[in-house]
Structure formats: C-alpha cells, structure tokens
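Some notes on the structure that comes next.
The values are calculated or read from the model by the stated rules, or taken from the named source; none is laboratory data. Just so we're clear, the structure is a prediction, and the values are computed from it rather than from any experiment. Note: ideal-geometry Cβ built from the backbone for every residue, glycine included; neighbour counts use all protein chains shown.
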Amino acid sequence: MIEVKHVTYTYPNGYTALRNVSLTIQEGDFIAIMGENGAGKTTLIKHFNGLLKPAKGHVTVDSKDTRTVSVASLSKLVGIVFQNPDHQLFSETVRSEVAFALRNFGFDEETVERRVNRILGMLDLSEYAEKSPFALSGGERKRVALASVLSWEPKYVVLDEPTIGQDYRQKERLRMILQQLLSQGKSVIMVSHDVEFVADCKPNIVLMAGGRVIGGGAAEEVLTNPGLLEKCSIIMPQVAQLMRMLGESGVGGRVIDVYSAVESLKTLWRGG
Amino acid sequence: MKAVEAKRLTFTYEGSENPSIMDVNLSIDEGEFIILTGPSGCGKTTLCRCLNGLIPHFYHGRLEGEISVMGLDVKSHSTQELAQHVGLVFQNPENQLFSLTVERELAFGPENLGLPRRETRRRVEWAMRKLNLQGIRDRPPYELSGGQQQKVAIASILTMQPKIIVLDEPTSFLDPKSAVELLSIISNLNKELDMTVILVEHRLDLASSYADRVIVMDEGTVAASGPPSQVYSEESRLRGVGVPKVSILFNQLRSAGIPVKGNPVSVDEAYHYLRLMLGK
C-alpha cells in the first residue's frame, strides 16, 4: 500500500506544487490522476518512490517512510515511467537499455535475457532490439522507457502520460498490458489527459487542481460530472457528452464508452 | 496553383532497404485544411519532411517520383527557399524554441532572411497579435506552459509568412482545453489567411470538425482520403486510426441493425442525427 498523508511540497524556487494531499493506493488498484497542466500530478507521483520528499506530511510505501529509505530500494517496488522518455534513456541499444536495471538489481544473465526478450515482444519492440533508442520515433522511445521499467516487475507501476505519441493500435495494446499487470495483482497508477483512453480503461479517477485533490471516484461517475470536470479543465468523453445531451430522452446516465452507449440506444430504439 | 502535388513519390532513407513512402499520389489545393493520420511508422513524418525539403536536402536517401510545393520542385529548391512557403511546427515545442524572449524568438526567422529591420518588426507584431502573445513578449519561451510554447512556435513560423503550415502532432503535450484552443487558432489561420493547413494528428476526436479532408496513410501509402465523415464511416478499412468515438458509435449502431442516418464526426452532429432517428 502507498499512503500519502497530508503532503505539502514546495519547490526550491518557492512554488508550492502540492497542498495537503492525501491519497491511499491499495495493492491491485487501478488509478488515473487527472487535472490540467500545473495541477501537481507529476510532483505527486515523484513522491511515490522518494524522488521528492514531502515538506509536510508523510509518504509510506509498504509501511516504509520514503524519508528514511533510499530511492534505489523504493524503486524496486515503485517503477515510474516519465512523460519525456529522453530524460530516462541513455544506453546504446534498446536491448541494453531494458537490461540495465535488471543487471543493476543483480539478476543473473539468463534471467536478464529471458525477461528482456519477453518484454520487448510484449511492447512490439523486438525488431528494434539492437538499434539505438535515439534512432526511434517519440512513440517508440516511450515504449522503450516503459519496457525498461516493467523489466524488473515493480509492484506499483506508475505512468506519466503513457499515451502521448501512441497511435490507436498502440493505445489498445497498452490497455491490454495494463489489464495484464492488474491481473497479476500489481497496482497501476497513470497520469493522463487522454480522456478517451481513460474512459476505455475505466480506472478510479483522482482529480487534481491547484496542488490539491479536489475529487475522485469511479470513472463512470467522475467523467459524467460536468461541474467537477470543468474545475480541472477536462473535456467530457464524446460518448458521455452525447448521452448527456440525450438525457432528456431517458437514456444515458453513467455511460462513457461506445459499447454501453450502443446497448442503451438499442434499448431505447426497440422500446421507443 | 496546387499547394502540394506529389506523383508516384517514393523515398528510401540512406541505409534502409525498404522505402518509407511508396508511390504516393497527392494533390492538395490552396486553402485546404488537411488532417494527415495513420499508425506510427506509416510514413506521415517522412511525407512532411518532403514538403519543406528536409528530404532530400537534410535527410539523405533515394527520392523518386515528383513533389512540388506552391509550384516549386522540392528537389531543386533549397530548404531556405522552401521555408518561405512552408512552415513546419514540431510535436514538442521544446525542440524548436531557443531564444531568451518570445520577441527574439519571433524575430529570428525574418532576420535570418535578411529582411529590413522595419519589415521584421512589422511581422513580429503581426504574428504576436494573431496568436495573442503581446502579454508575454519579454518572457523566456522555456518558462512558458506547453500550450503557450506551441503558440510561440506557430507565431515564429507565421513571421515567415508561409502559404502552407505543416504541424506534426502539435497537441500531443497539451491538456485538452489547451489542445482545443490551439486547434481553433489553427482553424482561424486557415479561414482568415486562407493558409493551407496540413495537420498530422492522432487526436481525431478534437480535430476532425475543422478539417476539409482526412488523409490516412498506412505502410507508406495513402490508404484513404476524403471528407472526415466519409473516411470514418469505412472504419474497418482503417488500421491504427483513432476514429472519433461518435463515428465508431454510429458504425456500431448500424451493425446492430439500428437504422441511424448520417456519419457524424462531432458530438453535435451525432446528437442531431440521433434526435432525428428518435423522432424528437
């Protein structure tokens, strides 16, 4: 469990990015943190592995206070994939990039090779194994960064804007991978602006604005609540907007995805 | 004159065995708003690089077929010459901005062309007005938000007064509100200045209502081209394309045997058609 309790954080330049934030992440939770740029989302996730330490309040990961344990030991539990892969990649080949952390954590070469091959296949990167990460497209580099974190199988997988630069097919694949991680009992926490992707994934949503958590709940509840979304500069998913507009006809409710919309429109058509 | 004309355009990067784009035929009219989309690696970026001469003058390889932009043969004109006709805005504005103030950033292009100081001044002020940047003229671009940076990048292209603007996924790093704002600014440039817009975009839900035409690429060739409503109604032919959810909804309603009319690309259009169907 990751527990964030009454955390306030101020950057050295005096900017307070988090104000009294509390949040609990249980094992197996699937959470999307949403809010406009500057809301404090990235600052918050940097507290999960101790990269940032709270000025006030405290953060514990599996009961370990992040102020008392090293980032290295927390990283084994909490793997963070940052928004810009170029801040994360440095190796000469994709293969050595993905193997780096595994070697660092002391896995034997046989395990390293097996895991690297598996993860490259899973993320559609096998054909780039011997290429330089910097010769790849932005979207591909992002998947390399994800692969290098998934390689050591952290219990909490944290992703900052994972769908940027990904086409629809890659997003669908990413959604399967997240489901797979969840089915293995891992927790997945993502920061995302991609409201349609979030509507397809249906995680629990935590909404942030101005450094505070201002609301949250199941995706179907949050993404159909116009007042709450407005406060965070989030645009309602297309299907939810449409069903809301049709609301007067007695359909809609908490529909955010195409599949459920088809079902309720079918009922309406047949019944009406 | 056509804004862009390509005939059997094929390009193979140096050291690569297979062409990245193959036999592309394309004709874009002046003033058109085009969305260019398709799965990663489909050749979108390669095609864009052909439009301002980065291919073949910077990226080397084998260029076959013909490509002309505003009537200029790309092969025989320098990138500097082409830059006065085609402006390119990248996905990540951080990679494009380098000056210490917004004003300096905007003046860089015209100064580089050797324009008189007065003309440079005039263009900088005009571009700042167009994108509403006067309030941040003295700020360093690297301190601005992603949305503002992207506006600065576009303004710095405008100072070159190009006829065509090519934007490579300009909204990727923006939150939805900023993305919508940027897209409406781009749409205004298209309408007010009759500028030809070629927008490479995955977020079709936000962009489609502005576009005259969607061009879908797949494996280096043009897989579909037409008005958004028509292209999205043939969803099954499109691979790796993020067709707007309302378009998918209508395609699925039809598969479920519900006789809904129309091919909406926006929520308002979908609402209109559904109300007709439901007899409201």
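The table for this structure:
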| quantity | calculated |
| --- | --- |
| Test for A:Ser91: is it polar (S, T, N, Q), out of contact with any Cys (no Cβ under 9 Å at 6 or more places or on another chain) and assigned to a helix (DSSP H, G or I) | no |
| Failed item, numbered, when B:Ala224 is tested on (1) away from chain A (no Cβ under 14 Å); (2) assigned to a loop (DSSP other than H, G, I, E, B); (3) among the small types (Gly, Ala, Ser) | (2) |
| Residue within segment A:123-132 that is in contact (Cβ under 8 Å) with a residue 60 or more places away in the chain, charged (D, E, K, R) and more than 11 Å from chain B (Cβ to nearest Cβ) present | no |
| Filter pass, A:Val98 being surrounded by 14 or more Cβ atoms within 10 Å (Cβ to Cβ), touching a strand residue (DSSP E or B) at 6+ places or on another chain (Cβ under 7 Å) and on the phi < 0 side of the Ramachandran plot | no |
| Odd one out for B:Arg213 among (1) farther than 27 Å from B:Gln134 by Cβ; (2) among the charged types (D, E, K, R); (3) within 11 Å of another protein chain (Cβ to nearest Cβ) | (3) |
| Scope segment A:159-179; condition touching a residue at least 40 places away in the same chain (Cβ under 8 Å) and not basic (Lys, Arg); matching residues | A:Leu159, A:Asp160, A:Glu161, A:Pro162, A:Ile164, A:Gln170, A:Ile177, A:Leu178 |
| Search result, residues across segment B:123-132 that are modelled with pLDDT of 90 or more and either among the basic types (Lys, Arg) or outside any helix (DSSP H, G or I) (or both) | B:Arg123, B:Arg129 |
| Any hit, segment B:174-186, residues being closer than 25 Å to B:Gly242 by Cα and part of a loop (DSSP other than H, G, I, E, B) | yes |
| Which numbered condition B:Gln252 fails, given (1) surrounded by fewer than 21 Cβ atoms within 10 Å (Cβ to Cβ); (2) at the interface with another protein chain (Cβ under 8 Å from one of its Cβ atoms); (3) touching a residue at least 12 places away in the same chain (Cβ under 8 Å) | (3) |
| Segment B:141-168 - residue that is charged (D, E, K, R) and assigned to a helix (DSSP H, G or I) and, of those, surrounded by the fewest Cβ atoms within 10 Å (Cβ to Cβ) | B:Glu143 |
| Flag if B:Lys151 is of a type in the set (Lys, Arg), away from chain A (no Cβ under 12 Å) and without any contact (Cβ under 8 Å) to a residue 12 or more places away in the chain | no |
| Residue that is farthest from B:Leu47 (Cα to Cα), among those in segment B:227-249 that are more than 14 Å from chain A (Cβ to nearest Cβ) and assigned to a loop (DSSP other than H, G, I, E, B) | B:Glu234 |
| Verdict on A:Ser151 being away from chain B (no Cβ under 12 Å) and surrounded by 20 or more Cβ atoms within 10 Å (Cβ to Cβ) | yes |
| Complete set of residues in segment B:172-199 that are out of contact with any Ser or Thr (no Cβ under 6 Å at 6 or more places or on another chain), among the aliphatic types (A, V, I, L, M) and within 11 Å of chain A (Cβ to nearest Cβ) | B:Leu174, B:Val180 |
| Where a residue in segment A:21-36 is buried (at least 24 other Cβ atoms within 10 Å of the Cβ) and its partner, wherever it lies, is of a type in the set (D, E, K, R), with Cβ under 6 Å and at least six apart | A:Ile33/A:Lys41; A:Gly35/A:Lys41 |
| Spans of helices (runs of 4 or more DSSP H) in segment A:212-272 with at least 2 residues within 11 Å of another protein chain (Cβ to nearest Cβ) | A:226-231, A:238-245, A:258-271 |
| Residues located in segment A:1-20, provided they are of a type in the set (Ser, Thr, Tyr), in a strand (DSSP E or B) and surrounded by fewer than 22 Cβ atoms within 10 Å (Cβ to Cβ) | A:Thr8, A:Thr10, A:Thr16 |
| Candidate set from segment A:122-142 (those that are basic (Lys, Arg) and within 24 Å of the chain's Cα centre (by Cα)); member that is surrounded by the fewest Cβ atoms within 10 Å (Cβ to Cβ) | A:Arg141 |
| Segment A:183-211, residues that are assigned to a loop (DSSP other than H, G, I, E, B) and under 12 Å from the mean Cα position of the chain (by Cα) | A:Ser192, A:His193, A:Asp194, A:Pro203 |
| In segment B:255-270, the residues that are within 9 Å of another protein chain (Cβ to nearest Cβ), surrounded by 20 or more Cβ atoms within 10 Å (Cβ to Cβ) and hydrophobic (A, V, I, L, M, F, W, C) | B:Val260, B:Val267, B:Ala270 |
| Given (1) within 14 Å of chain B (Cβ to nearest Cβ); (2) modelled with pLDDT of 90 or more; (3) more than 17 Å from the chain's Cα centre (by Cα), index of the condition A:Arg115 fails | (1) |
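Residues checked against (1) part of a helix (DSSP H, G or I); (2) at the interface with chain B (Cβ under 10 Å from one of its Cβ atoms); (3) at pLDDT 95 or above:
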| site | (1), (2), (3) |
| --- | --- |
| A:Arg141 | yes, no, no |
| A:Val144 | yes, no, no |
| A:Val158 | no, no, yes |
| A:Pro162 | no, no, no |
| A:Gly165 | no, yes, no |
| A:Leu174 | yes, no, no |
| A:Leu181 | yes, no, no |
